[in-house]
Amino acid sequence: MAFDNLNFSHEPDSLLDKERTWGDRVRYLARLLWRDRSGVIGVVIFLSVVAAALFAPWIAPYDPLAQDLRNSKQPPVWQEGGAWDHPLGTDNLGRDILSRIIYGARVSITVGFFGVIIAASLGMIIGSIAGYLGGRVDSVVMGFINLLLSLPYLLFVVFIAAVLGRSLLNVILIFGVTDSPIFARVTRGEVLRIRRSGYVESAICAGARWPYIIVDHILPNLIGPLITLATFEMSAMIFYEAGLGFLGLSVPPSIPSWGNMLAAGRKYLTSATWIATMPGLAIMYTSLGMNLLGDWLRDVLDPRLRRSRR
Amino acid sequence: MQRYFLSRILQSILLLFGVLFLVFFMVRITGDPAALMMPRTASPEQIEAFREAMGFNRPLIVQFVDFVRGVMVGDFGNSLHFKTPALPLVLERLPATLQLATAAMLMAMLVGIPLGLIGGLNPGSIMDSLARGLALLGQSVPNFWLALILISFFAVKLGWFPSFGRDEWKSVVLPAFALGLSTMGQLARLTRSSTLEIRSEDFVRTAYSKGLHPRTIYAKHIFRNVAIPLVSVIAVQFGYMLGGSIYIEFIFSWPGIGQLLQQAIGWRDFPLVQAIAVFTSLAVLALNLLTDVAYVLIDPRIRYGIR
């Protein structure tokens, strides 16, 4: 469907092919992106959320904490009683919901970004050690990883969050640590696969040293699957952060976050539905965009899938 | 094959010890479990007395051995809130959670699998788009938010279903749907992709050229192969539902384990939280073990492979 008119015979297999300059690679990615509409949508959504998080003070029409009790529970503009001064309405304390959603993106993006950085770093270290050394180290490490992955994840996250208490740093650490096993497992699998591959063997035969092999052969092949995984995991973290916030276990209630807004809106479900529905739409929007982005990255970064995709 | 089962059982027992270790140290990562479990208004003397009573002042290894020994005989200590043993409190909530998870799983299977099959057999059709749309929706809609939307529409506006509690059969519909949607999407997606893959296999073409009735081919050649990966996803998702229904039970005031967990955290009743964590993990581990056994029994390729 999307790639039917691409002639692959002139396309080198890997984006990281040495013959290419960075400009080439970016142009190539852009061309692939343009041919995949859902990928474009994913990128646009993701960038819009990141932009909201970065530029919140300039974009948001109001101070997200400013209360205005006379205008509390004003409906969004398309409902009766709504007005353009608060396009998405106001909450029970008269705070502007649009501004709070824009500021809420900061918490979500911060948790997702740093959570994934920590999880990916820990996971890559553990996974590559297990993959390289193999043998007993590998089976002990992977046994432990599989234990962690078979536990009821949400239950343990809630448990740890309840023990540690509400703070942004705690939430980032919780997700960073609890999510590292999946990165470790993927890294290990890839390292094992790449080590056995023909090109690494021929590099060894040609007398290449290990550091060279790692940097030039293993890392470039690891990046694709890990970036794809990172996208999906970041989406999941944003999801779980909101869930924790909803249970009152994420960032302190004074900070506007999507989960905290949902928790507050729950009490007004019968009288002012929009207080809870709006932040939920923000979560859905972000997660939809990141899933589309992840699907696209998976297809593009893996040359094998890129060819077979129809 | 017996050796395989034996080693899987041993592995599960090891995993269980891992769980006990995690659960034991989790309440101690802040350094002071007594301060964690006492209300914030408690005086230093009260905390000291509590520490003495709970035995938190003993060496860690002694406490751990004590904890494991207790768990072996089903003793998780007393709930701080109810002042009664913790395990019966968890067991009492089990039927409600099982009922919710079963209803959610049935809904997910009854919609997701047929939709994925039809979509996979007719790629590009309306049903196919529907299956893919459902998969994407299930992936992106947060279940706690979906629950709120369902309540505000079907319970508050239309009044078709009760918005909370577990009093009549209708009570289970909304929470089960909210809990099951993501699994429904996942099943639709997986069924669709494996149907697509299997229908172009050689043995299916052979079956057609033998002149078999398409119905026979669908049932015997396609669906039996599609069913294999589904088994493990269904088991994993069921385990996930047992531990992941916290939000749904919280929102719908469903008197199950998830709601108990949320309440126990509110009461800072960590012995009860520990009991819930161990019990749910045990259930999930047992489920995984059963799935592996079922897998071997269903799939002859695996059965002959591990002899």
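The values are calculated or read from the model by the stated rules, or taken from the named source; none is laboratory data. The structure presented is a predicted model; accordingly, all values stated were derived computationally and were not measured. A quick note on method: Cβ atoms are made from the backbone with ideal geometry, for glycine too, and the neighbour counts reach across all protein chains shown.
Annotations for the structure displayed:
- Test: residue in the range A:142-154 that is under 23 Å from residue A:171 (Cα atoms), in contact (Cβ under 8 Å) with a residue 40 or more places away in the chain and within 14 Å of chain B (Cβ to nearest Cβ): yes
- Failed item, numbered, when residue B:204 is tested on (1) away from chain A (no Cβ under 12 Å); (2) not in a helix (DSSP H, G or I): (2)
- Among the residues making up the range B:111-148, those that are over 19 Å from residue B:233 (Cβ atoms), part of a helix (DSSP H, G or I) and more than 9 Å from every other protein chain (Cβ to nearest Cβ) are B:121, B:126, B:127, B:128, B:129, B:130, B:133, B:147.
- Of the residues examined, residue A:99 is not one that is hydroxyl-bearing (Ser, Thr, Tyr), touching a Lys or Arg at 6+ places or on another chain (Cβ under 9 Å), surrounded by 18 or more Cβ atoms within 10 Å (Cβ to Cβ) and part of a helix (DSSP H, G or I).
- Meets criteria (modelled with pLDDT of 80 or more, in the same structural domain as residue B:256 (by TED's automatic domain parsing) and closer than 25 Å to residue B:148 by Cα) for residue B:211: no
- Count of the range B:149-168 residues which are part of a helix (DSSP H, G or I), more than 22 Å from the chain's Cα centre (by Cα) and crowded, with 16+ Cβ neighbours inside 10 Å: 5
- Which listed residue, of A:193, A:185, A:209, is basic (Lys, Arg) and either closer than 28 Å to residue B:137 by Cβ or within 14 Å of another protein chain (Cβ to nearest Cβ) (or both): A:185
- Selection from the range A:281-296 of residues that are more than 7 Å from every other protein chain (Cβ to nearest Cβ), under 30 Å from residue A:223 (Cα atoms) and not aromatic (Phe, Trp, Tyr): A:282, A:286, A:289, A:290, A:292, A:293, A:294, A:295
- Among residues of the range B:18-49, those that are loosely packed, with under 15 Cβ neighbours inside 10 Å and either of a type in the set (A, V, I, L, M) or within 15 Å of residue B:68 (Cβ to Cβ) (or both), counted: 4
- Test: residue in the range B:223-234 that is out of contact with any strand residue (DSSP E or B) (no Cβ under 8 Å at 6 or more places or on another chain) and facing chain A (nearest Cβ under 10 Å): no
- In the range A:22-61, the residues that are farther than 17 Å from residue A:258 by Cα and in contact with a strand residue (DSSP E or B) (Cβ under 9 Å, 6 or more places away or on another chain): A:61
- Tabulated pairs, the range B:52-65, first on the phi < 0 side of the Ramachandran plot, second modelled with pLDDT under 80, C-beta under 7 angstrom, 6+ apart or interchain: B:54/B:34; B:56/B:33; B:56/B:34; B:57/B:51; B:63/B:55
- Where a residue in the range B:185-197 is outside the structural domain of residue B:136 (by TED's automatic domain parsing) and its partner, wherever it lies, is assigned to a helix (DSSP H, G or I) and surrounded by fewer than 24 Cβ atoms within 10 Å (Cβ to Cβ), with Cβ under 6 Å and at least six apart: none
- Residues of the range B:8-60 that are over 22 Å from the mean Cα position of the chain (by Cα), of a type in the set (Ser, Thr, Tyr) and within 14 Å of another protein chain (Cβ to nearest Cβ): B:30 alone.
- The listed residue being closer than 15 Å to residue B:243 by Cβ and part of a helix (DSSP H, G or I), out of A:169, A:149: A:149
- Residue among B:194, B:171 that is more than 27 Å from residue B:252 (Cβ to Cβ), assigned to a helix (DSSP H, G or I), polar (S, T, N, Q) and more than 13 Å from chain A (Cβ to nearest Cβ): B:194
- Identity of the residue in the range A:261-280, of a type in the set (Gly, Ala, Ser) and either part of a helix (DSSP H, G or I) or under 22 Å from the mean Cα position of the chain (by Cα) (or both), that ends up farthest from the other protein chains (Cβ to nearest Cβ): A:264
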